[in-house]
Structures are given as C-alpha cells and as structure tokens.
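What follows is a single structure, written as structure tokens, with notes after it.
The values are calculated or read from the model by the stated rules, or taken from the named source; none is laboratory data. Bear in mind that the values here come from a model prediction, so they are computed numbers and not experimental data. Note that we place each Cβ from the backbone using ideal geometry, even for glycine, and neighbour counts take in every protein chain shown.
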Amino acid sequence: MNKDLKAHWEEVYQNKSFEEVSWFQENPETSIQFFEKLNLPKNASIIDMGAGESHFVDYLLEKGYENITLVDISEEALKKTQNRLGDRGKSVKYIVADAGTFKAKEKYDFWHDRATFHFLTGITEIEHYTQNICRSLNTGAYFLIGTFGEGGPKKCSDLEVYQYSPDDLSEVFARCLTQKKSLKTEHKTPSGTVQKFTFCLFKYDR
Ligand SMILES: C[S@@+](CC[C@H](N)C(=O)[O-])C[C@H]1O[C@@H](n2cnc3c(N)ncnc32)[C@H](O)[C@@H]1O
C-alpha cells in the first residue's frame, strides 16, 4: 500500500462531497450501457476497482446483483458508500486496498474500473494490475475499463494520470484479454470542463 497515496485520497473524501469532485456522475450511464448488454446472471461475482462513491453499485443492487465487491484505497470513500447504501448494501463486500499491490482472493465474472487505472503510472503497479486481473477472472468474464483518452487530462486530483486510446488499452491488457468493444466519450465535470474518456470492454477467454 502506498501510504502517501492513501493519505491523499482519504483527504479528498474527507473534504469533498460527492457532487464536488471532478469525476462526479449522478448516473454512471456509460458503464451501465455496456453492462446491460452482457445479461450476466444475478449471482455473477462483480468487482468495482476504485469504486469511490460511484453509484454503479446502486444500479447493480437495484437490478438484483448479490455478489458485489467494492475496492478503494480510501477507507473514507467506502464508508461513505456503505452509509449511503444502508440496508440495501448488506451483501456488499468492501476492501481497502491499493490497485497497484492488491491481490484478489476471489474470482470475478465482471471487473469494472472507471477512472482508477489511469492513476497507476509506475511500470511495477501497472504490471501488477494486469497480472492480478488475469489471475482473478473466471473464463468468459468481462473487464470494463474507462480511462482518460487521448487529449484527456494530464492531471486529476493533483496527481499525474495517463491517457489511453483503445489500442493502447488492448496492448496493456494483451496478456489475457481480448477487446470486444470500445467507445470514445466525454465527461463533463461539475465545473463544466470536458474530459476525453476511452471505454473498452474486454473478455477473458483463455
Ligand atoms: C477518479 S475517482 C473514480 C471513482 C469511481 N470509480 C467513479 O467512477 O466515480 C478514482 C478512485 O480511485 C481510487 N484510487 C486511486 N488510486 C487508487 C489505487 N491505487 N488503488 C485503489 N483505489 C485507488 C480513489 O480513491 C478514487 O475513489
């Protein structure tokens, strides 16, 4: 666990409300659009990496998904989510961990990452993340990732971030994942800035 990074994110979530952060989305519609088409069974095991306060979990619970794990480096972020969900979120598992060192103990059918992977800028952490995914997906599982795209921000939350095209992401995850779909899209921040994003759906078919 990178302690400085954890302290950074704890501070963010202690001092900023859900609506104030640049990555705020009332409704994670792009993720939902990709997910819906997969028609995964309700007992599918689902992980959201760097879930923060995202409402993707609310959508999943509403649709009856019962095996959901939320991971974030910030304990505060997960506590806020847990409080928001209340009784609705009783079945949700919460893990405080650094994506750059986290080793999943379960296997997943769907791995979601919106705006987390692009914060990993060290080769070791990126390598670890891709290895972890390849070890932790069931055959036929999907990985949906949304990162800053080409021409996207170079910094977010005062931290350096990377930008990826769909081809870049294919290359990074080539060891075990095949790209099925991609979408170049834009996110409008609460202050009105437009950020370029790349979403890619991958399948683990080894
Ligand atoms: C830009 S926010 C996106 C949050 C959420 N996915 C969403 O779409 O609203 C990035 C999230 O990743 C978390 N994060 C950043 N670096 C991380 C790391 N190395 N490991 C785990 N989580 C991390 C942050 O705490 C934050 O919640």
Of all residues in the stretch 41-97 being more than 10 Å from the ligand (Cβ to nearest atom) and polar (S, T, N, Q), the one that is farthest from Ser136 (Cα to Cα): Asn83
Filter the stretch 33-54 down to the residues that are surrounded by fewer than 17 Cβ atoms within 10 Å (Cβ to Cβ) and closer than 23 Å to Glu106 by Cβ and list them by number. Leu38, Asn39, Pro41, Lys42, Asn43
Among the residues of the stretch 181-206 satisfying the criterion of being part of a strand (DSSP E or B) and among the β-branched types (Val, Ile, Thr), which is surrounded by the most Cβ atoms within 10 Å (Cβ to Cβ)? Thr198
Quick one: is Phe199 within 19 Å of Ile133 (Cα to Cα), among the hydrophobic types (A, V, I, L, M, F, W, C) and out of contact with any Lys or Arg (no Cβ under 9 Å at 6 or more places or on another chain)? no
Test result for Ala44, farther than 23 Å from Thr101 by Cβ and out of contact with any Ser or Thr (no Cβ under 9 Å at 6 or more places or on another chain): yes
Could you tell me how many of the residues in the stretch 101-124 are surrounded by fewer than 18 Cβ atoms within 10 Å (Cβ to Cβ) and within 14 Å of the ligand (Cβ to nearest atom)? 5
Within the stretch 117-153, residues in contact (Cβ under 8 Å) with a residue 12 or more places away in the chain and acidic (Asp, Glu) come out as Glu125, Glu150
Give the stretch 95-114 a look and list any residue that's part of a strand (DSSP E or B) and of a type in the set (Ser, Thr, Tyr), or say none. Tyr108
Consider Thr121 carefully, then state whether it is of a type in the set (S, T, N, Q) and out of contact with any Gly (no Cβ under 7 Å at 6 or more places or on another chain). yes
Report yes if some residue within the stretch 161-170 is over 21 Å from Leu5 (Cα atoms), among the polar types (S, T, N, Q) and not in a helix (DSSP H, G or I); otherwise report no. yes
So which of Ala174, Ala141 is part of a loop (DSSP other than H, G, I, E, B) and hydrophobic (A, V, I, L, M, F, W, C)? Ala174
Which residue out of Phe18, Phe35 is under 22 Å from His118 (Cβ atoms) and at pLDDT below 95? Phe18
Qualifying residue in the stretch 76-89 (condition: under 18 Å from Phe117 (Cα atoms), touching a Leu at 6+ places or on another chain (Cβ under 8 Å) and of a type outside the set (Lys, Arg)): yes
List the pairs whose first member sits in the stretch 80-96 and is closer than 21 Å to Ala44 by Cα, whose second member is aromatic (Phe, Trp, Tyr), and whose Cβ atoms are under 7 Å apart, counting only residues at least 6 apart or on separate chains? Gln82/Tyr94
